[in-house]
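The structure appears below as structure tokens.
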Amino acid sequence: MCASVKYGSRGPALIPRMKTKYRIYYITLFSVVLLGLIATGMFQFWPHSIESSAEWSLDRRSVHDAPLVRIPMSSPIPERGDLSCRMHTCFDVYRCGYNPKNKIKVYIYPLQRFVDEVGVPISSTGLSREYNDLLSAISDSDFYTDDVSRACLFIPSIDVLNQNSLRIRETAQALAMLPRWDKGMNHLLFNMLPGGPPDYNTALDVPRDRALLAGGGFSTWTYRQGYDVSIPVYSPLSVEVDLPERQPGPRRYFILSSQTAIHREYRVELERLKEENGEALLLLDKCSNLSQGLASVRKRCYKGQVYDYPQILQESSFCVVLRGARLGQATLSDVLQAGCVPVIMADSYILPFSEVLDWKRASVVIPEEKLPEMYTILKSIPHRQVEEMQRQKWTSVNSPLFLPLIPPRSPGFTAVVLTYDRIESLFRVITEISKVPSLAKLLVVWNNQNKSPPEESLWPKVAVPLKVLRTKENKLSNRFFPFDEIETEAVLAIDDDIIMLTSDELQFGYEVWREFPDRLVGYPGRLHLWDHEMGKWKYESEWTNEVSMVLTGAAFYHKYFNYLYTYKMPGDIKNWVDAHMNCEDIAMNFLVANITGKAPIKVTPRKKFKCPECTAIDGLSLDQTHMVERSECINKFASVFATMPLKVVEHRADPVLYKDDFPEKLKSFPNIGSL
Amino acid sequence: MQARKKYVLLGLCMCCWLLLYYWGGLQERLLGLITHKRGEVARPWPSWLDRDLLPGYADQAELQNDGGSGDSPRQRRQSWAGIYKDSRCRMDTCFDFARCQGQSGFRVYIYPPEKGERVSESYHKILTSVVESRYYTSDPREACLFVLGIDTLDRDQLSTQFVPNVDERIRGYPLWNDGRNHVIFNLYSGTWPNYTEDLGFNVGQAILAKASLNTEHFRPGFDISIPLFSKEHPQKGGERGWLVRNTVPPRRKYLLMFKGKRYLTGIGSDTRNALHHIHNGKDIVSLTTCRHGKDWEKHKDTRCDHDNQEYERFDYQELLHNSTFCLVPRGRRLGSFRFLESLQAACIPVLLSNGWELPFSDVIQWNQAVIEGDERLLLQVPSTVRAVGIDRVLALRQRTQMLWEAYFSSVDKIVLTTLEIIKDRVYSHISRNKFMWNALPGGLLVLPEYSTHLAHYPFYYLNLGKPEFTAVIHATSPLVSQSQPIMKLLQVVSKSKYCSQIIILWNSEKPPPHRSKWPPMPVPLIITDGRRKTSSRFLPHAAIETEAVLSLDEDTVLLTSEIDFAFHVWRSFPERIVGYPPRSHFWDPVKKAWGYTSKWTNEYSIVLTGAAFYHRYYHHLFSHYLPSSLRVLVDRTSNCEDILMNFLVSSVTNLPPIKVAQRKQYKEMPTLQTAPWVNPEHFTQRQECVSTFASWFGYMPLVHSQFRLDPVLFKDHVSVLRKRYKDLERV
């Protein structure tokens, strides 16, 4: 204010000097600007104040405080849903602007209570617990936005989960009154119980223009593939009753039918099945002698005997889920929760989330017509498959290099030699490797920051490109860095003291790697063992009959694993390895075995390696402490991976004619195994 | 003056105050925007005070007693057939399942060709595929499915291959029955300018197997979308995918490419006319030419000359090989040849074809192999594909190859996939699940009649069952003495702790000897009559209960430890054949034919099944997947069954078999002068077999390997006592 006074005090001095004509002009202009400013100010504040104060200032309120909206009789009604709607015809993608996370944004309309002209609400229940939970879940997710202008998808807070509690016409009018309705574009409705007596349509009867529908109980004729979503019919029992987890295995009953509203015709069929197969089938119905109410919902009866529902579902291998008047049945949720394999008989039913779920792996779908054959069909399913179905989750290894390719021999492999300062030994290794026909390039990872690599002229002359890469820190993980200089798929990781491998052995190793490009193919093999006394894993380097790891002091592998090691190594393993200056090879073996589910391949016979594992520590450690530390690594990594991914095998790869009585000069790889 | 000054002062003060007010508000708003961006403090859905008092969406009793007393379900199902016809057809309402429940099972009948009927090259291939498939029947009475003899592939009235009067003709067929249980193949429908999906005749209740299907007209679970393929598409075998290695990083020279026609007018021009916008001449090459059709110069616009020039600068094949992503926009119709071309080239397809029902969408999970774009968002495509990470590129690219080789590389595969999809619907409770269709080696090599359980198959690397095997010994010579090789073999095999049963397949001219003639065994011994057919050794005998089969000739000489070791190796490679004596195939450039050799070489591509482990599922494939003509050949010559088995397994795995260590050379010194393999004719037959098999498969599935698997300490300078398989080293 002070500044304005100062400014103001200087102002009047200017005006008297003006001519009157100009003064009038000036004042007119001034008032116009003033009015403009007021208008702008209003515009700046107005829309905000409404949203922030009136709607949201109270954090905890009752649903009854939601504003009341009266629907005029003549309010427009949307058109019935358009069956030909697809994403590219009825959905406005331009509202879902591209963002790097590929996340769509979802807006939820604030709660309103809609009533008709005489004040009768459009729904007998109003907001239901389930719909409120659903909206809360969306609101808690990353998809949620409260900014209507940024939203791609709009969710009305009008609860249409159960069509029976709705007044169809008024609900439709309420939808059309939503401020962004725009023919229902990009609006998503949730409905679990569609249709009503007598014909029970399979999709929500509320006219809804182009709105998307997440519905429970679609038939193939009402479901718009790629547009609608099929959802399960929620069963409130799942929160009320806590069922213990059952291990897969045989159950007391083979087939259980627990539904109470099965059509007479089907019940007759089921009873016939029961007669034929006796005890294997349990056919339950309503309890006639119990009083109505909650208890009857939780009880089932067979010939006077009372069973607890849904607990009884856990006593059977298969549970029947027959369609009723509607296709979607809440029983399906109960059955799945109980770990019973559902036998779904509902012709034309679009199973929940069928576009992403593989229902054939978790259920048996039988045409209604084949109900009499149900027993025979179910009996023909192997036990192991039933157990897999009961488990409801499947583990399958998804290797990133899953295609069975045998890459061509050219362009060969890149040798990556890790070195610190053993120049003489390094030069010998380089000279040896350079004789390998398929060598494409030599990279020397110079891990010594205190010393420069020797001058170029001193290096051995080799026929392939040789490049020295100086590192910033002496870290073991440097050897597994996905250098741009590695242009081949195959990498040979080799220590600077592995001088004993012949050119034949290396070339053969590369040939074997070509047949196993998704595995580690290495020379010295190692084994992990379970130490029963100590109750933990133990590292074994003695000459054993088994192999579960190969040392990366001399091993071929795919460059992709360098990416994995550098960027996707789980937990703190990478730092741990760098800090301890040990076990980088074990970590690599864990990583590859874990992602591929396969064992490494050891190639060629035993060789006397000069303490291949001491390279990085430069002989500082004694054998004993070294072994202890390596065992520790295995235990540490197994706990980080939360499993023991290593696979034990009893084989190694040799050339086809190795040690065979055959002229040496005709063998592709004669110089194998010689010391 | 004084008063005026006062007013002016007051006015100015107000003005300043308003300015401040305005600025303050703006700042607050800016602040709000900044914090909005930073913290994303969205106002959540309120947590209501009376949340716990809210009513449930439905009464539990209402949920459980869901109006079961309605109409009779039987009547409802019957009335469906009357309501859901034609454009609303589903298998339940428009398909006669009863026709497929007979003894003969799933059989396909083709209408006989009519006089003077001309059938296009592509349709001829389709019909050939059906005839050569194991489902073909020439008897319409046992047929479950019918295929028209009339060529319906090209229904463009302007095309030379258009067949007129189809409607009248099919209605004259006594079997037509309004198209029930018929499949109609079609590649092109509609014509300039709208290219509607109208076939020009009433398909009625027939299943449409059609290219370029639109989701709106597609009858889900009933019609089948097939890919558009050219008339040069091979009948069988087909070219392999182009991917030979998984380079890392997986980016190729170009990020995204397109080369094709630009439509200036008509349907499809919205997209084709915009493609040039994303061309940057560097990593995105999107080339369109106006030069197509007769009167292109009439519609020519200002871009045309420049575009046409740029178009000539790049070679399509070169782009296909060197591009990470390939744009597959719609043409006049929704599907285009580019789809299959880019799949084969391992160039990840980026689809711009709104409403296209992708080929075999019933079973193939396309999101694992392609990027589905939106024609409306063409300009976002570059940034979308740039954002795809290396893991995803690797996965998508390999997936294109898997799908290409499993379902698309030949007309045979396309037709067979169509038939298998229908068959899966007909016998829905013995059908493949989505995993089987989408994992290697693909759905066509999975026979659900064998099992619907994944763990029963060799390829999915799920946990194997118990470590045990069944030995199947092929016996051809009569039992005369207790010192016969088969007696020794029985001893050796039964000593293995992994052997759970032995089956002797009796293929001798003499009847099988009495049970008492066989020595007592620690495991069950089953004698089965092979009816003197060589192919019987690979019959899926019901008696085989284990996953692993050890196939043996009666005169095989093996050690128990050799068997044990090979079994261990097999458990690491359950999808391959693991055996002992190797053989090899080679290409003879002089004869221009495949050759077969039994010489010792540095590599091999076959292991003899006279002593080999493999998964029992291959018995099923051998007996049910291979055509009977090949099995007849094997039986007629009493030869080559092992070569055929190697062909089969390598065609499934794309990998070589595995040879394991063995003590001494098996069968290299013939002991019996009567042995068939000393006969030179026997060898010539085997040469011929290799050629015959290669021509049936349409390519050479055998793959060479250069290694053999030995025990870890095999012939190492280590104390014998340390070695688990020391017997292997004894001479």
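The values are calculated or read from the model by the stated rules, or taken from the named source; none is laboratory data. As the structure is a prediction and not an experimental result, all values here were calculated from the model. For neighbour counting, all protein chains shown are included, and Cβ atoms are generated from backbone atoms with ideal geometry for every residue, glycine included. Quick note on the areas: whole protein, heavy atoms, side chains included, nothing else; ligands and nucleic acids left out. Shrake-Rupley method; radii C 1.70, N 1.55, O 1.52, S 1.80 Å.
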Looking at residue A:275, is it in contact with a Leu (Cβ under 6 Å, 6 or more places away or on another chain) and either farther than 26 Å from residue A:387 by Cβ or not in a loop (DSSP other than H, G, I, E, B) (or both)? no
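Can you name the residue in the range A:414-433 that is hydroxyl-bearing (Ser, Thr, Tyr) and open to solvent by 40 Å² or more (accessible area, probe 1.4 Å) and, of all such residues, is modelled with the lowest pLDDT? Break it down stepwise before answering.
Applying the first criterion (hydroxyl-bearing (Ser, Thr, Tyr)) to the range A:414-433 yields A:414, A:419-420, A:425, A:431.
With open to solvent by 40 Å² or more (accessible area, probe 1.4 Å) added as a condition, the list becomes A:420, A:431.
Numbers: A:420: 91, A:431: 95.
The qualifying residue modelled with the lowest pLDDT is A:420.
Is there a residue being at the interface with chain B (Cβ under 8 Å from one of its Cβ atoms), assigned to a strand (DSSP E or B) and buried (at least 21 other Cβ atoms within 10 Å of the Cβ) anywhere in the range A:342-365?
Going residue by residue through the range A:342-365, those that are at the interface with chain B (Cβ under 8 Å from one of its Cβ atoms) are A:347-348, A:358, A:360-361, A:364-365.
Adding the requirement that they be assigned to a strand (DSSP E or B) leaves A:364-365.
Add one more test, that the residue is buried (at least 21 other Cβ atoms within 10 Å of the Cβ), and what stays is A:364.
Checking the range A:342-365: at least one residue is at the interface with chain B (Cβ under 8 Å from one of its Cβ atoms), assigned to a strand (DSSP E or B) and buried (at least 21 other Cβ atoms within 10 Å of the Cβ).
Yes/no per residue for (1) within 32 Å of the chain's Cα centre (by Cα); (2) under 21 Å from residue A:593 (Cβ atoms); (3) surrounded by 24 or more Cβ atoms within 10 Å (Cβ to Cβ):
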{"site": "A:487", "(1), (2), (3)": "yes, no, no"}
{"site": "A:491", "(1), (2), (3)": "yes, yes, yes"}
{"site": "A:495", "(1), (2), (3)": "no, no, yes"}
{"site": "A:500", "(1), (2), (3)": "no, no, no"}
{"site": "A:503", "(1), (2), (3)": "no, no, no"}
{"site": "A:513", "(1), (2), (3)": "yes, yes, yes"}
{"site": "A:519", "(1), (2), (3)": "yes, yes, yes"}
{"site": "A:526", "(1), (2), (3)": "no, yes, yes"}
For residues that are farther than 30 Å from residue B:218 by Cβ, more than 26 Å from the chain's Cα centre (by Cα) and not in a helix (DSSP H, G or I), tally how many sit in the range B:304-339. 2
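Tell me which residues, restricted to the range A:252-280, are aromatic (Phe, Trp, Tyr) and farther than 25 Å from residue B:75 by Cα. Working first, answer last.
Within the range A:252-280, the subset aromatic (Phe, Trp, Tyr) is A:253-254, A:266.
Passing the criteria: A:253, A:254.
Let's see how each residue does on (1) within 12 Å of another protein chain (Cβ to nearest Cβ); (2) part of a helix (DSSP H, G or I); (3) over 12 Å from the mean Cα position of the chain (by Cα):
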{"position": "B:381", "(1), (2), (3)": "yes, yes, yes"}
{"position": "B:392", "(1), (2), (3)": "yes, yes, yes"}
{"position": "B:424", "(1), (2), (3)": "yes, yes, yes"}
{"position": "B:435", "(1), (2), (3)": "yes, yes, no"}
{"position": "B:440", "(1), (2), (3)": "yes, no, no"}
{"position": "B:448", "(1), (2), (3)": "yes, no, yes"}
{"position": "B:477", "(1), (2), (3)": "no, no, yes"}
{"position": "B:481", "(1), (2), (3)": "no, no, yes"}
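Across the range A:531-543, which residue is most open to solvent (accessible area, probe 1.4 Å) among those that are within 14 Å of another protein chain (Cβ to nearest Cβ) and touching a helix residue (DSSP H, G or I) at 6+ places or on another chain (Cβ under 8 Å)?
Pass one, the range A:531-543, residues within 14 Å of another protein chain (Cβ to nearest Cβ): A:540-543.
Checking the rest, the ones that are also touching a helix residue (DSSP H, G or I) at 6+ places or on another chain (Cβ under 8 Å) come to A:541, A:543.
Values: A:541: 30, A:543: 88 Å².
Per the stated criteria, the residue is A:543.
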Can you name every residue in the range B:615-642 that is of a type in the set (A, V, I, L, M), more than 24 Å from the chain's Cα centre (by Cα) and either open to solvent by 40 Å² or more (accessible area, probe 1.4 Å) or within 25 Å of residue B:567 (Cβ to Cβ) (or both)? B:632
So the check is Cβ under 8 Å with 6+ separation or different chains; which pairs have a first residue in the range A:260-285 that's more than 22 Å from residue A:296 (Cβ to Cβ) and within 11 Å of chain B (Cβ to nearest Cβ) and a second one that's open to solvent by 50 Å² or more (accessible area, probe 1.4 Å) and not in a strand (DSSP E or B)? A:265/B:74; A:269/A:372
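Go through the range A:125-143 and give me each residue that's in a loop (DSSP other than H, G, I, E, B) and in contact with a helix residue (DSSP H, G or I) (Cβ under 9 Å, 6 or more places away or on another chain).
Of everything in the range A:125-143, those that are in a loop (DSSP other than H, G, I, E, B) and in contact with a helix residue (DSSP H, G or I) (Cβ under 9 Å, 6 or more places away or on another chain) turn out to be A:125, A:126, A:127, A:128.
Residues checked against (1) over 30 Å from residue A:380 (Cβ atoms); (2) surrounded by 19 or more Cβ atoms within 10 Å (Cβ to Cβ); (3) at pLDDT 95 or above:
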position	(1), (2), (3)
B:378	yes, yes, no
B:391	yes, no, no
B:409	yes, yes, yes
B:420	no, yes, yes
B:437	no, yes, yes
In the range B:156-204, which residue that is out of contact with any strand residue (DSSP E or B) (no Cβ under 9 Å at 6 or more places or on another chain), open to solvent by less than 80 Å² (accessible area, probe 1.4 Å) and assigned to a helix (DSSP H, G or I) is farthest from residue B:117 (Cα to Cα)? B:178
Test residue B:488 against the stated conditions and say whether it is part of a loop (DSSP other than H, G, I, E, B) and open to solvent by 60 Å² or more (accessible area, probe 1.4 Å). no
Might you let me know whether the range B:213-220 holds any residue that is without any contact (Cβ under 8 Å) to a residue 40 or more places away in the chain, closer than 30 Å to residue B:122 by Cβ and surrounded by 21 or more Cβ atoms within 10 Å (Cβ to Cβ)? no
What is the number of the single condition among (1) touching a residue at least 60 places away in the same chain (Cβ under 8 Å); (2) of a type in the set (Ser, Thr, Tyr); (3) more than 14 Å from chain A (Cβ to nearest Cβ) that residue B:316 does not meet? (1)
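Can you spot a residue in the range A:442-452 that is surrounded by 17 or more Cβ atoms within 10 Å (Cβ to Cβ), touching an Asp or Glu at 6+ places or on another chain (Cβ under 7 Å) and at pLDDT 95 or above? Reasoning before the result, please.
Let us first name the residues in the range A:442-452 that are surrounded by 17 or more Cβ atoms within 10 Å (Cβ to Cβ), namely A:442-447.
Among the residues that remain, those that are also touching an Asp or Glu at 6+ places or on another chain (Cβ under 7 Å) are: A:443.
In the following step, the residues that additionally are at pLDDT 95 or above were identified as A:443.
Taking every residue of the range A:442-452 in turn, at least one turns out to be surrounded by 17 or more Cβ atoms within 10 Å (Cβ to Cβ), touching an Asp or Glu at 6+ places or on another chain (Cβ under 7 Å) and at pLDDT 95 or above.
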Can you find even one residue in the range A:263-273 that is crowded, with 20+ Cβ neighbours inside 10 Å, out of contact with any Pro (no Cβ under 7 Å at 6 or more places or on another chain) and among the hydroxyl-bearing types (Ser, Thr, Tyr)? no
If I ask for residues that are in a loop (DSSP other than H, G, I, E, B), open to solvent by 20 Å² or more (accessible area, probe 1.4 Å) and of a type outside the set (Ser, Thr, Tyr), which ones from the range B:135-155 would you list? B:139
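Consider residue A:601 carefully, then state whether it is open to solvent by less than 10 Å² (accessible area, probe 1.4 Å), at pLDDT 95 or above and more than 14 Å from chain B (Cβ to nearest Cβ).
no
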Among the residues of the range B:237-264, how many are of a type in the set (Val, Ile, Thr) and open to solvent by less than 60 Å² (accessible area, probe 1.4 Å)? 2
Qualifying positions in the range A:626-675 - among the hydroxyl-bearing types (Ser, Thr, Tyr) and either within 14 Å of another protein chain (Cβ to nearest Cβ) or loosely packed, with under 15 Cβ neighbours inside 10 Å (or both): A:639, A:643, A:658, A:668, A:674
Checking residue A:323 against (1) under 27 Å from the mean Cα position of the chain (by Cα); (2) surrounded by 19 or more Cβ atoms within 10 Å (Cβ to Cβ); (3) free of Cβ contacts under 8 Å to residues at least 60 places away in the same chain, which single condition isn't satisfied? (1)
Flagged pairs (Cβ under 6 angstrom, 6 or more apart or on separate chains; first in the range A:59-87, more than 14 Å from every other protein chain (Cβ to nearest Cβ) and under 30 Å from residue B:88 (Cβ atoms); second of a type in the set (Asp, Glu) and open to solvent by less than 80 Å² (accessible area, probe 1.4 Å)) are A:78/A:209; A:79/A:209
Just the residues that are modelled with pLDDT of 95 or more and either surrounded by fewer than 23 Cβ atoms within 10 Å (Cβ to Cβ) or facing chain A (nearest Cβ under 7 Å) (or both), please, taken from the range B:698-711. B:700, B:701, B:703, B:704, B:705, B:706, B:707, B:708, B:709, B:710, B:711
